[in-house]
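**Q** Take this structure first; my questions come after.
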Amino acid sequence: MKIGICPGTFDPITHGHTDIITRSLRVFDKVVVAVAPNPSKHPLFNLVERLDMVKLVMKDVGQVEVTPFDGLLVDYVERSGAHAIIRGLRAISDFEHEFQMALVNRKLAKMVETVFLMPSEEYSYLSSTIIKDVAQHGGNLIDFLHPEVAKRLQARIRSLKS
C-alpha cells in the first residue's frame, strides 16, 4: 500500500486543501493528513480544533486518516511507514519555499520523496491566510470553506473582535 503524508497547519482547512488531499488519492492508496501545531504561525484555532475540522471535512473521503504530528516531518513519515510527502503548489512563490524544504527533507532522509500537486484552477489562489483576511472583513466564505468550517471561522473572528 502506497501511503502519502499531507502535512500542514490547516488553520483552517480550505477547499484548496481538500482538493489536493482528494486528488492525491489518485496517486496513493492512503493519505494521512498530518496536522502540525506550528505555534510560530500563530494559528487562530488550537490543534484539537483544527484536527476536528479536518476530520469533519474529510469524513466522507475513504482512505484518508487525520492525525496530529510534531517534530521533523521526515521522522514522522518514516515512523508512519509512508512513502512520500504531498505538497500543493499554487504559484511560483510557493515553489521556492517548497523546493528548499523538499531538498532539506531529502538530505535528512534520502528515502523520503516529495510529490508536488497543482491545485485545480478554481482553488489555485486560495490560502488560509487570505481566507482569514476575507473573514476578518466580513466577506462571504462559502466558495472557500466547508459551511461548518466557515461558521467556526466567523465565530472565532467575532470572538476576537469583542
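The values are calculated or read from the model by the stated rules, or taken from the named source; none is laboratory data. Since we're looking at a predicted model, the values are computed, not measured. Backbone-built Cβ (ideal geometry, glycine too); neighbour counts: all protein chains shown. Calculation scope for accessible area: heavy atoms of the full protein, side chains included, ligands and nucleic acids excluded. Shrake-Rupley method; radii C 1.70, N 1.55, O 1.52, S 1.80 Å.
**Q** For residues in segment 125-162 being in contact (Cβ under 8 Å) with a residue 40 or more places away in the chain and of a type in the set (Ser, Thr, Tyr), which is nearest to Arg23 (Cα to Cα)?
**A** Ser127
**Q** Out of all the residues in segment 37-71, which are open to solvent by 30 Å² or more (accessible area, probe 1.4 Å) and either on the phi > 0 side of the Ramachandran plot or among the polar types (S, T, N, Q) (or both)?
**A** Result: Asn38, Ser40, His42, Asn46, Gln63, Gly71.
**Q** Turning to a different aspect of this structure: Within segment 96-128, track down each residue that is open to solvent by 90 Å² or more (accessible area, probe 1.4 Å), out of contact with any helix residue (DSSP H, G or I) (no Cβ under 6 Å at 6 or more places or on another chain) and of a type outside the set (D, E, K, R).
**A** Scanning segment 96-128 gives His97, Phe99, Gln100, Met111, Met118, Tyr125.
**Q** Being assigned to a helix (DSSP H, G or I), open to solvent by less than 50 Å² (accessible area, probe 1.4 Å) and more than 19 Å from Thr18 (Cα to Cα) is the requirement here; does Val74 meet it?
**A** Yes, satisfied.
**Q** Can I ask one more? Report, by residue number, each residue of segment 129-162 that is part of a loop (DSSP other than H, G, I, E, B) and open to solvent by less than 60 Å² (accessible area, probe 1.4 Å).
**A** Gly139, Leu141, Phe144, Leu145, His146 - these are the residues of segment 129-162 that are part of a loop (DSSP other than H, G, I, E, B) and open to solvent by less than 60 Å² (accessible area, probe 1.4 Å).
**Q** If Arg90 satisfies all but one of (1) outside any loop (DSSP other than H, G, I, E, B); (2) out of contact with any strand residue (DSSP E or B) (no Cβ under 8 Å at 6 or more places or on another chain); (3) among the charged types (D, E, K, R), what's the number of the condition it fails?
**A** Unmet for Arg90, out of (1) outside any loop (DSSP other than H, G, I, E, B); (2) out of contact with any strand residue (DSSP E or B) (no Cβ under 8 Å at 6 or more places or on another chain); (3) among the charged types (D, E, K, R): (1).
**Q** Somewhere in segment 34-47, is a residue in contact (Cβ under 8 Å) with a residue 40 or more places away in the chain and among the polar types (S, T, N, Q)?
**A** No, segment 34-47 has no match at all.
**Q** Hey, among the residues in segment 87-123 that are more than 25 Å from His42 (Cβ to Cβ) and hydroxyl-bearing (Ser, Thr, Tyr), which one's modelled with the lowest pLDDT?
**A** Ranking the qualifying residues of segment 87-123, first place goes to Ser120.
**Q** Also: Take segment 11-33 and flag every residue that is touching a Ser or Thr at 6+ places or on another chain (Cβ under 7 Å) and under 16 Å from Leu117 (Cβ atoms).
**A** Thr14, Asp19, Val31, Val32
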